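Below you will find the structure I want to go over with you.
The values are calculated or read from the model by the stated rules, or taken from the named source; none is laboratory data. Predicted model only: the values in this text are computed from it and were never measured. Note that each Cβ is placed from the backbone with ideal geometry, even for glycine, and that neighbours are counted across all protein chains shown. All accessible areas refer to the heavy atoms of the entire protein, side chains included, with ligands and DNA or RNA removed. Shrake-Rupley method; radii C 1.70, N 1.55, O 1.52, S 1.80 Å.
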Amino acid sequence: MDWQGQKLSEMLMQIMLVVHAVVAFVVGYTFSSFQMMLVIVAGGVLLTTLVTVPDWPWFNRHPLNWLDPVEVEKNPKPHPPTSKKKTSKHHLK
């Protein structure tokens, strides 16, 4: 799953869980049935899991282009400059 696919997966998960929770609450309240509400929420969680967890092809539309190992060896990553720790001139006794 690429980065864009992860973002899409998370967005779908949040939307689907909220929609199922609202529908479950409304149905449960309308029919005065806590059991029906729990069944709808559980079904929503199961459906959301099946849609968002597997690595479906639509989550791989923007693959990353990695450098070839030869290019990495030709252009090594620069090292960050090291900062020397400043020592104070005045010491407290």
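Filter the stretch 67-90 for residues that are closer than 29 Å to residue 1 by Cβ and outside any helix (DSSP H, G or I); which is modelled with the lowest pLDDT? Full working, then the answer.
Quick first cut of the stretch 67-90, residues closer than 29 Å to residue 1 by Cβ only: 67-73, 75, 77.
Going one step further and asking which of them are outside any helix (DSSP H, G or I), we end up with 67-68, 75, 77.
Details: 67: 70, 68: 77, 75: 74, 77: 73.
Ranking the qualifying residues of the stretch 67-90, first place goes to 67.
Limited to the stretch 32-66, what total is found for residues that are assigned to a helix (DSSP H, G or I) and small (Gly, Ala, Ser)?
Residues that pass the stated criteria total 3.
Filter the stretch 1-12 for residues that are open to solvent by 70 Å² or more (accessible area, probe 1.4 Å) and not in a loop (DSSP other than H, G, I, E, B); which is farthest from residue 55 (Cα to Cα)? Explain how you work it out, then say what you get.
The first filter runs over the stretch 1-12 and keeps only residues open to solvent by 70 Å² or more (accessible area, probe 1.4 Å), leaving 1, 3-4, 6-7, 10-11.
Retained after the next criterion (residues that are not in a loop (DSSP other than H, G, I, E, B)): 3-4, 6-7, 10-11.
Details: 3: 12, 4: 12, 6: 10, 7: 13, 10: 13, 11: 15 Å.
So, considering only residues that are open to solvent by 70 Å² or more (accessible area, probe 1.4 Å) and not in a loop (DSSP other than H, G, I, E, B), the one farthest from residue 55 (Cα to Cα) is 11.
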